[in-house]
Amino acid sequence: MSNTVVPNSDARMRKCIDVFKLEISKLRTGRAHPSLLDHIRIEYYGSDVPLSQVANVTVGDARTIVITPWEKKLTPVIEKAILTSDLGLNPSSAGDVIRVPLPALTEERRKELIKVVRNEAENARVAIRNVRRDANTELKEFAKKKVIAEDEARKLEDNIQKLTDKFVAEVEQLLATKEKELMSI
């Protein structure tokens, strides 16, 4: 039981990093990429499905996303879903193809996005520290119940701390990369 604490913590911390990456990938940097529309869902035959399951989403040029619905009747539904999303994008359709131009980011908007990214980074750091706290609590319980020796518990706590430091550093690196990406014109 005690030998699963570190691998479980590693997996949970990795999941925190994955969630952080997903959240910051939704933030626009002025460059077009299909993952920008990943969270948009479309009503399709009575169920909500991701946009990527009802259309081909590609990049036309550096500032344009091109969406080709698999069924022509979905064009207005996709347009409406993009318009009502929180991305602030204005799609335009030309026949059976929808073009989504990405406007250039203003300096003020860039600073707002950096604040959002920093907030997401803090949330990721807190989540990683919560995993550390849970693991340390579990190790203390094992030591208290004499399942493991106290010195072994301390050694495992050190391993958990090293994992925490590693993942927090990864968050910092991802944050720095995203900030640089947002500030580049």
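Where residues in segment 52-68 are in a strand (DSSP E or B) and touching a Lys or Arg at 6+ places or on another chain (Cβ under 7 Å), which of them is surrounded by the most Cβ atoms within 10 Å (Cβ to Cβ)?
Initial filter on segment 52-68 (in a strand (DSSP E or B)): 55-61, 64-68.
Filter again for touching a Lys or Arg at 6+ places or on another chain (Cβ under 7 Å), leaving 60, 64, 66.
On the way: Gly60: 14, Thr64: 13, Val66: 18.
So, considering only residues that are in a strand (DSSP E or B) and touching a Lys or Arg at 6+ places or on another chain (Cβ under 7 Å), the one surrounded by the most Cβ atoms within 10 Å (Cβ to Cβ) is Val66.
Take the conditions (1) among the hydroxyl-bearing types (Ser, Thr, Tyr); (2) under 30 Å from Leu175 (Cα atoms); (3) more than 17 Å from the chain's Cα centre (by Cα); Tyr45 misses just one of them, which is (2).
Candidates in segment 149-169 are the residues that are buried (at least 19 other Cβ atoms within 10 Å of the Cβ) and over 16 Å from Val126 (Cα atoms); of these, the one that is nearest to the chain's Cα centre (by Cα) is Leu156. Note on segment 34-51: residues that are modelled with pLDDT of 80 or more and outside any strand (DSSP E or B) amount to 4.
With respect to the numbered conditions (1) under 30 Å from Asp134 (Cβ atoms); (2) free of Cβ contacts under 8 Å to residues at least 24 places away in the same chain, which one is the sole condition not fulfilled by Glu108? Here Glu108 clears every test but (1).
Considering only residues in segment 121-148 that are hydrophobic (A, V, I, L, M, F, W, C) and loosely packed, with under 15 Cβ neighbours inside 10 Å, the one that is nearest to Val6 (Cα to Cα) turns out to be Val147. Pairing each residue of segment 8-23 that is closer than 12 Å to Ala127 by Cα with any residue that is among the acidic types (Asp, Glu) and surrounded by fewer than 13 Cβ atoms within 10 Å (Cβ to Cβ), provided the two are 6+ apart or on different chains, yields no C-beta distance under 8 Å.
The values are calculated or read from the model by the stated rules, or taken from the named source; none is laboratory data. Quick caveat, the model's predicted, so the values are computed rather than measured. Cβ coordinates were reconstructed from backbone atoms using ideal geometry, including for glycine residues, and neighbour counts include every protein chain displayed.
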